Amino acid sequence: MKRYAVPVILCMLVVSNLMAQKPENNADEFKGPNKDVTYRLLWLIESDDENRLAYQGPANEGLSSAGYGRLVVAGSATAMVAVGQRSSVSGSSRYGQMNMTVSLLNTSDREQFEVKVTVQTRDRSPMSVETTARVPKGRWFLVGGADSQTGQPIYADDGKRAVAIMRIDDGVMLLD
């Protein structure tokens, strides 16, 4: 009986030490899938018209380094969506009409989504983008761009190129 007592006591000590240790609160630890998100898409066009307010948002520097000139907002879309579901937004501005559809899936990385985006604009020179990619959460990214003559015909300085950029943030945007 004594020959079994020592290994049993050692096992009990190891188990009690393991149970006494508190689990580390690691912020990088995966805590489950993303459930609801809010996305924002901006439709921007190049414009030399100084009477139009230039886009000065957080993606401005990245767009400039990608070769885009002075940009103005032609339209935008914002919506919430449950991950795994489809969302669509449609609207009109002085530059034309924009329709978009978005569906998102979780990936193995909590800070990424697989997103399928369809953007269509209706104006003198329509732009259409349909793409699927893995994108980071909380960062602006390029959806697509095209040569265009967006804008009203009387504004010759508008519409050399159009570009769509997007950002996805965790959770539903609360307004109170």
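The values are calculated or read from the model by the stated rules, or taken from the named source; none is laboratory data. Note that the coordinates shown come from a computational prediction; the quantities given were computed from them, not determined experimentally. No Cβ is skipped: glycine too gets one built from the backbone with ideal geometry, and neighbour counts run over all protein chains shown. For the accessible areas, the whole protein counts, side chains as well, though only heavy atoms, and no ligand, DNA or RNA atoms are used. Shrake-Rupley method; radii C 1.70, N 1.55, O 1.52, S 1.80 Å.
Hey, among the residues in region 64-79 that are of a type in the set (A, V, I, L, M) and under 30 Å from residue 108 (Cβ atoms), which one's surrounded by the most Cβ atoms within 10 Å (Cβ to Cβ)?
The residue in question is 77.
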Inside region 80-95, the number of residues satisfying the requirement of being within 18 Å of residue 130 (Cβ to Cβ) and surrounded by 15 or more Cβ atoms within 10 Å (Cβ to Cβ) is 3
What are the residues in region 40-55 that are open to solvent by 30 Å² or more (accessible area, probe 1.4 Å) and outside any loop (DSSP other than H, G, I, E, B), if any? 40
